Each structure stands twice: as structure tokens, then as C-alpha cells.
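The values are calculated or read from the model by the stated rules, or taken from the named source; none is laboratory data. Just so it is clear, the structure is predicted and the values come from calculations on it, not from any experiment. FYI the Cβ positions are ideal-geometry reconstructions off the backbone, even for glycines, and counts take in every protein chain you see.
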Amino acid sequence: MGSVSTYIVVFCAAMRRSYPPEFRQRIIELVRKGRTPESLAEQFEPMAQTIRNWLAQADRDAGQRPDGLTTDECEELRRLRRENKTLREEREILKKAAAWFAKETGSIPSKDSSS
């Protein structure tokens, strides 16, 4: 079994299916009114487990389940990971540029410099 962070990444990625939010919400309402995920899966396209996942995520978003990230938290996590990746790439570029300029000018900054 994978780590919690692996589970969160996989779960958040799975949330990005192409079903419109209105459709998901309607399915969730039908489950809460007594329909089973299995019966809805037969009638509509999503699998029963997908419907159960939507229900669990809706409960997390409503603060009724503490066992995972809310939709907003998943979106923020994705945004922060993208930003972190960009910052790492920019740092690598700056490191290479600094090394190139140091080589071209023949000066190598000391380790104590903050530039």
C-alpha cells in the first residue's frame, strides 16, 4: 500500500474526470435520497466506486469527513506543486547563468556573497 501523499496525489488526479460539477452534484443528491451507487451506475455512465468517491469528497468539502483533502485543498496543492516546479527550474537556470557569467568574466563569487 502506498503512502498517504501518494494516495492524495492519485485521489486528486482521479477527481479531474470530465463529468460536469452539476452532474456530480445531482448524482450525490440521488444517493442521499436513497438510490444506491450501483443502481445509478447502471443508469448513468460513472462506475459505482466513482460515485462513492464523489460522495466521500462532497462530505470532505462539507467538513463531515476528516480523512482527506477538500477539493479546495487539492487545487491548492496542485497549484503549489506547479509553482514549486517552476521555482526549481528558474533556480537551475539562474545557477547555470551565474556559472556562465563567472566563467566569461573570470570571476568566481565567494561562498560568503549573498548575490
ask   = Looking at Ile108, is it modelled with pLDDT under 95 and surrounded by 10 or more Cβ atoms within 10 Å (Cβ to Cβ)?
value = yes
inquiry  = Quick check on my filter: what residues within the range 65-102 are part of a helix (DSSP H, G or I), among the charged types (D, E, K, R) and within 21 Å of Trp54 (Cα to Cα)?
reply    = Asp72, Glu73, Glu75, Glu76, Arg78
request  = Only residues in the range 27-38 that are closer than 12 Å to Ala56 by Cα and modelled with pLDDT under 95 count as the first member; pair them with residues that are aromatic (Phe, Trp, Tyr) and not in a helix (DSSP H, G or I), Cβ under 9 angstrom, at least 6 apart or cross-chain, and list the lot.
outcome  = none
ask   = Does at least one position in the range 84-107 carry a residue that is in contact with a helix residue (DSSP H, G or I) (Cβ under 9 Å, 6 or more places away or on another chain) and either without any contact (Cβ under 8 Å) to a residue 60 or more places away in the chain or not charged (D, E, K, R) (or both)?
value = yes
